[in-house]
Each structure stands twice: as structure tokens, then as C-alpha cells.
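To start, the structure under review is shown below, and the notes come after it.
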Amino acid sequence: MSATLLEVADLRVRLRTPRGPAEVVNGLSYTVGRGETVAVVGESGSGKSVSVLALLGLLPARLATVTGSARLDGEDLLTMSPERLRQVRGPGVGMVFQDPMTSLNPVLTIGRQLVEGIRAHGEVSKAAARERAAGLLAEVGLPDPRRALDRYPHELSGGMRQRVVIAIALANNPSLLIADEATTALDVTVQAQILDLVAGLQSEHGTGVIWITHDLGVVAGIADRVLVMYGGRCVEDGTVDDVLERPAHPYTRGLLGALPDLASSDDGELATVPGVPPAPTDLPPGCVFWPRCPVRSDPRCATEQPPLAVVGASDGALPHRAATWCEEGSPR
Amino acid sequence: MGVSVIVFGLVQLVPGDPIRLALGTRFDQETYDALLARSGLDQPLVTQYFSWAGRALTGDLGVSFRSGETVTSLIAERLPATLTLAFASILVALLIAVPLGTLSALRPRSVVDRVATVLSQIGISVPEFWMAIVLILVFAGTLGWLPSGGYVPLTEDPAGWAQRLLMPAVVTGVVSGSVITRFVRSSVLEALGADHVRTAQAKGLPGRQVFTWHVLRNALLPLVTVTGVQLAYLLSGVVVVEIVFAWPGLGQLALQAVQSRDYPVLQGAILLFAVVFLLINLVVDLLYTAIDPRIRR
């Protein structure tokens, strides 16, 4: 891929909880290139959302301690001044949130919510900002965008609202778009439209995209690279082909095994990964996946966290890495 | 309708015979009977109710047993004083509650928050008459800054009006303000945690704009409701304060009416309180449609 847009290094997030400090993100490192789509997958509670909220300083400062670095075009998001961070939110990084039902302000019109975002980043007249807002709504495929400006969120369906949320995120032509489960709440046809929309904008503007999801179908469809998160760590990353075709980590294999296969003839039960993810307040001493791992082939599994290491040959320019003690090529 | 039946019924439950009270200790049976017939109290209760309710519908609430003035004119005379006090109190209440509640919500469990919690707890628990007496002792007695009570219309003496209004408004305002502070704190806290606030931040809006339009604006909705409830309470429930400060309002009128078994005045006053309550609720509902687009169609 082309030049690096975002470089996250050793990102750690610790949250204060009633049950003690929780290590929600434990040393996450990845990069996103211009025009590249990185999918972040993992179960609920694996630290996906927290890791991106931390990038934009959107975690409550009283509760969260964020360390590491996240350079957007060379500038560290985690240490910049609040005013500079405000300037970056919008034109630098646009963010689409998970739940379209709650991520818009119910008492302000759609137009207002778009216009205020546009006007926060430059001297734009109200009329011009409204014009641009209508253009954005048309771009995300909202029918009758001009009338939609004067509507309130509750007057729109979930799919329409999510388009509005996307329009807000795109309002300042961000160089990086972060979509946190942006299509999870939508039905499949709407989801497909939105994926197309983002892909279109991406090829047009060269936007880098971080797409957080637990839908592996979406991953296969849009991602260039995949990052699998578990227990606040990256347990496997690589090109979409490497990770989906030749998964190296037992957890990734479990995830893929849990996909229903419509083509397969056996009508047996869906495979599941038994157990639940570890509580971030109480992580296991060894491999984070050890308590649920069906393999446990190495004595170090229970005692030592495996590093992210290159596994096997990769067909792309990117290394395929996994954090596991499992031997390469062990049976699936 | 339902309200009027309850008002009428409750008043009938007040013990004591108004005619006897009006006549004093020495009277003959003939005068008593004549008065009874003239006041209509010899009729069956149902008849009394319908004749009262019928006249009330046309705005005629009857004539005071005691002074012979019409109830409507008595009420009209007292209404401005009570309205003044109620609105001044709610103003004091909001001036206390909105900043204090907001500050507490912005820094939960901070010193400010704890102090605000303790203060509002004190404000809710301290009896109004006690606070009123302490204020009178300090500001009218020891310091001599303010008159201890009474009322002059605004048009006659604006300075005197303000001076006399200050203490009663502060007493009732502090009580209502304490209640409202709690509500402001919780609704601002709730609004702060809403998902759309994060969306607003992610847009890169300046902090103040996020706070005004995405936190306060949304926290306003529950505030309107409590303020309405408190205002209704103030309009009808300031009896104690009106008496301590010799404020010639409806509360005082109602109390005097109870003491002299002046049924028409008492019924009129209570009916008015009920109507005011309904009216305020109506206004709150209308305000809601103005500020919450989800309610209007």
C-alpha cells in the first residue's frame, strides 16, 4: 500500500472500574495506509471500540489512562493539545458510531447537526454550510436531502439515520474514517449499500478506513488487511487472504469455524468458541486465549504471553503475524 | 368537574358551624334560621353543590360569610401578591439550581458536588418557617437591612416592593431550588453520558458548543417538568411563608377562611389552586412540544 496515514504503536488503555483497574487494550500496534481499509475483528469486549475511542480522546478522562502513541500524518494524537485535537476531529479523523438510534441528538435537526460540524472547521457561511450538508446527504444516498435537513432524527429510519451519521463523519473530508460497528445495527441490504458508499468515497478521496466489526462477511468484502483482537491484544494480523484463508491463531480459527456455511451439506450444529473472553480486570498470566484454547500445544501457553511473530509465507507485501505458541501449520 | 366535587366535599368535612361562628355567642333561633336559609346551608348537600358549581362555572364563587365581599374580588385582590411571590421564588430557585446542579454534574464526587449535595439536603430538610424566622431575625432584626414583612404593590413603591419580596422569595426559592438542583444534576449527568455527545465531540466542535447544544439543551427537558411542578407547589403551597412574612396572598386568605369557616372563600381558593395546577401542567405540556421535537408531529 501507499504512504502510512496512521501509525499506532504500543497503545495501552487502562480503565478504572469498580472492580479495580482493567487493562482493556494491551500494547496494540498497527498502521493504516492512505486508501487502505483495515478491519478490526473480535468478540464484544475484546477492546476494539475502546482502542479507537482512545485515539480521538473520546474516553472519559477521569476513568481512562491511555499510553503509547498514535501518529496521524506524523502528529501524535495522544499528546497533542486539546485545541489541536479538536481541529483534527473532523478533518483529520471522522468517526461513525455503532448505534444510529442514539448517536444523533434527538432535539436538533439533521441539518443543524451537519452544519455545526462543517462550521467548526473553517469560516463557512450558514447558507454555504447548508448547501454542503445537502450535498453530503445526497452523497450518502438519502432521498430528498434538502427536506431531510429540516427533519429530526426520530423522523428517519435506522438506515437513514446511519447514513446521516456517516455524512457527519465525512463532512470535513477526513483523511481517516473510523467506522465502529457502523453497519451492525442495519439490515443486510442497507449494510451493502453503505459498504458500497464507503468504498466509493475511499477510491475517490483516498481515505484510510478502520472498519470495526465482528462480521467476517463484511471483512472479506471490504478489507485489505485484518487485525484480530482478543483480550485487548492483537492476536493475528495480515492481509485479508492470509488471515481468512490461512488463519494461524486458534482464536481466529475458532471465529472462522463459527461462521455458518450455507454451501456445506451437513446440517450439524454451528461450531462455537466455548467460554467467554477474559475479564479485563483479570487477565490470564500466559496466552490470553489459553483458558478457551482447544490446542494448548506448548508448555509456555499457560505462563507466557506469546509475541506477535511472523507465521508462514505471505503472498502480500505485508507480513502475516500471529501471537501464538502453536506450531506453524498445525491442523485446523 | 372531579376536582370541584372533591373541593366541595373536603370543605364540608371541616368541623364547625359557620353561622354560629358568625353570630357569636348570643343569638336567637329566628336570626339563625334566617341566616341559614339565606346562605343556602339548610339545603341538602347535593343541592348546595350544584348551585355552587353552577355559579362557579359562570365565574361567581359566592359571597364571603365573613366580610360580605364576593369571593372573586377577594381572590383577585390577593392573586397579584401570590403570583409575584411564586415567580420570584422560582427565579431564585432556578438561579441556584441550574449553576449548582450543572457544576455538580460536571465534576461528580468532587468537592463542589459534595458541598452541593449537602446544601440541597439541608435546603430540603429545613422547615420553611424556621428559615423564614432566622432570616427575619438576622436581616430585619440584627442588621436592620430589610423590613420584616408586608407587601406594597410594585406600582406604588418599587424599592419597597423589592425589599419586602426578597426574603420570602429566598425562603421558598431555596427550598424549591434544593429540589431542582438534584434534578438538574441527574439530568445533566445523563445528558453528558449520551452517545450523541460523543458524536458531537468527534465532529470537532468546541467544548462549549458541545456543552450548550448537546448537553444542556437535552437536560432542559426534565428541568421544565420539575420547574412546572415546583411552580404549581409555590402558587398553592406558600401558606407558611405568607403568614410569617405577613404577605397578603392567597395562602393567607385560605388560612383565614379555614379559621372562620368561611366556606365560599375556602372553596374558591382551593378551586383556584386546582385550576392553577391544571393550567401549569398545560403550559408545561405546551412548552414540551416547543422544545422536544419528538413530541410534536
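All of the numbers you see were taken from the coordinates with simple rules; none came from a lab. Given the structure is predicted, the values throughout are model-derived calculations rather than measurements. Using ideal geometry, Cβ is built from the backbone for each residue, glycine included, and neighbour counts are taken over all protein chains shown.
Work through the residues other than A:Arg62 whose Cβ is under 14 Å from its Cβ and net out their charges, Lys, Arg +1 and Asp, Glu -1.
Surrounding charge for A:Arg62 is +3.
How do A:Thr65, A:Thr272 line up, fewest other C-beta atoms within 10 Å first?
Values: A:Thr65 13, A:Thr272 9.
Taking fewest neighbouring Cβ atoms as first place, the list is A:Thr272, A:Thr65.
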Rg/Rg_ref, the protein assembly as shown, where Rg_ref = 2.2 N^0.38 Å and atoms are Cα: 1.37
- request: Using only Cα atoms, find the angle between the long axis of helix A:110-119 and the longest principal axis of chain A, and express it within 0 to 90 degrees, rounded to the nearest 10.
  value: 90 degrees
query: To the nearest 0.05, how large is the calculated FRET efficiency for A:Glu155 and B:Ser186 if R₀ is 25 Å and r is the Cβ-Cβ distance?
result: 0.35
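For every other residue with a beta carbon closer than 14 angstrom to the beta carbon of A:Trp290, add +1 if it is Lys or Arg and -1 if Asp or Glu, then tell me the sum.
Numbers: positive: A:Arg233, A:Arg292, A:Arg296, A:Arg300; negative: A:Asp282, A:Asp298, A:Glu304.
Computed value for this residue: +1.
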message: On C-alpha positions alone, give me the angle between the axis of helix A:158-170 and the longest principal axis of chain A, in degrees, nearest 10.
response: 80 degrees
field: Peptide-level mean, for B:204-210, of C-beta atoms on other protein chains within 10 Å
entry: 6
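Once Rh for chain A is found with the Kirkwood sum over Cα pairs, what is the Stokes-Einstein diffusion coefficient at 37 °C and 0.692 mPa s, in µm²/s?
Values: Rh = 20.9 Å.
Answer, rounded: 157 µm²/s.
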- request: Would you mind computing, in nm to one decimal, how far apart the modelled labels at B:Gln12 and A:Ala61 are, each placed 7 Å from Cα along Cα→Cβ?
  value: 6.7 nm
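Could you give the C-alpha radius of gyration of chain B expressed as a fraction of 2.2 N^0.38 Å, taking N as the number of residues it contains?
Values: Rg = 23.8 Å, N = 297, 2.2 N^0.38 = 19.1 Å.
The value comes to 1.24.
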statement: Two pseudo-spin positions, 7 Å from Cα along C-beta at B:Leu279 and at B:Val112, lie apart in nanometres by 3.8 nm
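With charges set only on the Cβ (+1 for Lys and Arg, -1 for Asp and Glu), what does the dipole of the protein assembly as shown come to about its Cα centre, in debye to the nearest 20?
On the way: 50 positive and 57 negative charges, 312 e Å.
With Lys and Arg at +1 and Asp and Glu at -1, about 1500 debye.
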message: For region B:160-297, what are Rg and Dmax over the alpha carbons, in angstrom?
response: 20.0, 67
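Within the set of other residues whose C-beta is less than 11 Å from the C-beta of A:Glu181, count the net charge using Lys and Arg as +1 and Asp and Glu as -1. Provide the component values of the computation, followed by the final result.
Working: positive: A:Lys48; negative: A:Asp99, A:Asp180, A:Asp215.
Value of the local net charge: -2.
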Lys/Arg +1, Asp/Glu -1 at C-beta; chain B dipole; positive extreme among B:Leu231, B:Val111, B:Val210: B:Val210
task: Would you be so kind as to identify which of A:Gly68, A:Gly57, A:Gly45 lies farthest towards the positive end of the dipole of region A:45-86, taking Lys and Arg as +1 and Asp and Glu as -1 on Cβ and the Cα centre as origin?
output: A:Gly45
query: Rg and Dmax of region A:104-171, Cα atoms, in Å?
result: 10.6, 32
- line: Computed from the beta carbon distance with a Förster radius of 51 Å, FRET efficiency for B:Ala76 and B:Thr212 to the nearest 0.05 stands at 0.75
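Give me A:Asp76, A:Asp187, A:Asp237 sorted ascending by neighbouring Cβ count inside 10 Å, so fewest comes first. Mind dumping the intermediate values first?
Working: A:Asp76 13, A:Asp187 10, A:Asp237 26.
Listing A:Asp76, A:Asp187, A:Asp237 from fewest to most nearby Cβ atoms yields A:Asp187, A:Asp76, A:Asp237.
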Spherically averaged projected area of region B:71-215 from its Cα convex hull (nm²): 12.2 nm²
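So what is the relative contact order of chain A, in percent, for Cα pairs below 8 Å that sit 6 or more residues apart? Numbers along the way, then the final one.
Details: 643 pairs, mean separation 65.1, N = 332.
Relative contact order here is 20 percent.
Given the Cα-Cα distance of B:Asp33 and B:Ala246 and 0.36 nm per residue of separation, how much length would full extension add, in nm? List each step's numbers first, then the result.
Working: separation 213, 0.36 × 213 = 76.68 nm, distance 3.66 nm.
73.0 nm is the gain from fully extending B:Asp33 to B:Ala246.
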Rounded tilt (10° steps) of A:188-205 against the dominant C-alpha axis of chain A: 80 degrees
query: Taking a spot 7 Å from the Cα of A:Thr281 along the direction of its beta carbon, which residues of region A:7-27 have an amide N less than 19 Å from it?
result: A:13-26
Listed residues A:Gln191, A:Gly111, A:Val240: farthest to the positive end of the dipole of chain A (Cβ charges): A:Gly111
query: By counting other Cβ atoms within 10 Å of each Cβ, how are B:His214, A:His121 ranked from fewest to most?
result: A:His121, B:His214
